[in-house]
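Beneath this line is the structure, given in C-alpha cells, with notes to follow.
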Amino acid sequence: QVQLVESGGGLVQAGGSLRLSCKASGSIFNINDMGWYRQAPGKQRELVAVIPSGGQINYADSVKGRFTISRDNTKNVLYLQMNSLETEDTAVYYCNAAIKSTFASPYRTYWGQGTQVTVSS
C-alpha cells in the first residue's frame, strides 16, 4: 500500500507565506511525476504545479512567481512554498504522485487526503 500525507496548511493573512509538505510512504519502488492540485469551494480541482522526476517544472499561471514546487527524492517528500498569498489561493490543497510499487508494476496515481489553506484579507 502507498500513502500520501500532506501537512503544513493553515490560516494566514494575505501577503503571508506557507509551506506545504507531502510525504509518500509504503511500498515504493520509484516515483515519477509529483504535483500539487487545489480545489476551492464550488470549483473544480485545478493543477497548481507539477515536478517530474526529470524535466521541466510547470506552474499554473495564477501562481507563477509566487509558489515554488520542489521534491526530496531521498525522503520521498514533495514541497510547495507559497509566498505572497492571496485570498484567491484559499482552497484544499492535494498532492498527487505517480508511483511504481515494484520493478514490474505499472505506475499508479495516488492522492493525499488534502490540507486546508485559508488566506484572510
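The values are calculated or read from the model by the stated rules, or taken from the named source; none is laboratory data. Note that the coordinates shown come from a computational prediction; the quantities given were computed from them, not determined experimentally. Cβ coordinates were reconstructed from backbone atoms using ideal geometry, including for glycine residues, and neighbour counts include every protein chain displayed. For the accessible areas, the whole protein counts, side chains as well, though only heavy atoms, and no ligand, DNA or RNA atoms are used. Shrake-Rupley method; radii C 1.70, N 1.55, O 1.52, S 1.80 Å.
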Cβ-Cβ FRET estimate between SER27 and ASP72, R0 fixed at 25 Å, reported to 0.05
0.85
How many angstrom separate the Cα center of region 76-121 from the Cα center of region 33-58?
7 Å
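For region 24-107, what is the accessible area per residue in Å², given a 1.4 Å probe and the full set of protein chains?
Ligands and nucleic acids excluded, the figure is 52 Å² per residue.
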Share of carbon and sulfur in the accessible heavy-atom surface of region 13-121 [1.4 Å probe, %]
47 percent
Pairs from LYS23/LYS100; LYS43/LYS100; LYS23/LYS64 whose Cα-Cα separation, in the structure shown, is over 22 Å
LYS43/LYS100; LYS23/LYS64
Amide H of VAL2: which non-local residues (sequence gap of 5 or more, or other chain) have their own amide H closer than 5 Å, using H built in the peptide plane?
SER27
Among GLN13, THR118, ASN96, flag the residue with its Cα farthest along the positive direction of the charge dipole of the chain, charges on Cβ as +1 for Lys/Arg and -1 for Asp/Glu.
ASN96
Antiparallel DSSP beta bridges within the chain, as percent of all bridges there, nearest 5:
90 percent
Full-extension gain in nm, ARG19 to GLU86, via 0.36 nm per residue minus C-alpha separation
22.7 nm
For PHE67, enumerate residues with amide H under 5 Å from its amide H, sequence gap 5+ or separate chain, H modeled in the peptide plane.
ASN83
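For region 42-91, what percent of Cα pairs sit more than 16 Å apart?
45 percent
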For the chain, give the magnitude of the charge dipole about the Cα centre (Cβ charges: +1 Lys/Arg, -1 Asp/Glu; no others), in debye to the nearest 20.
280 debye
The chain: relative contact order in percent, alpha carbon pairs under 8 Å with at least 6 residues between:
36 percent
Computed D for region 4-112, Stokes-Einstein, Kirkwood radius over alpha-carbon pairs, 20 °C, 1.002 mPa s, to the nearest µm² per second, is 149 µm²/s
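At a 1.4 Å probe radius, which order do GLU46, GLU6 fall into by accessible area, largest first? Please list the in-between numbers first.
Numbers: GLU46 80, GLU6 10 Å².
In descending accessible area the options line up as GLU46, GLU6.
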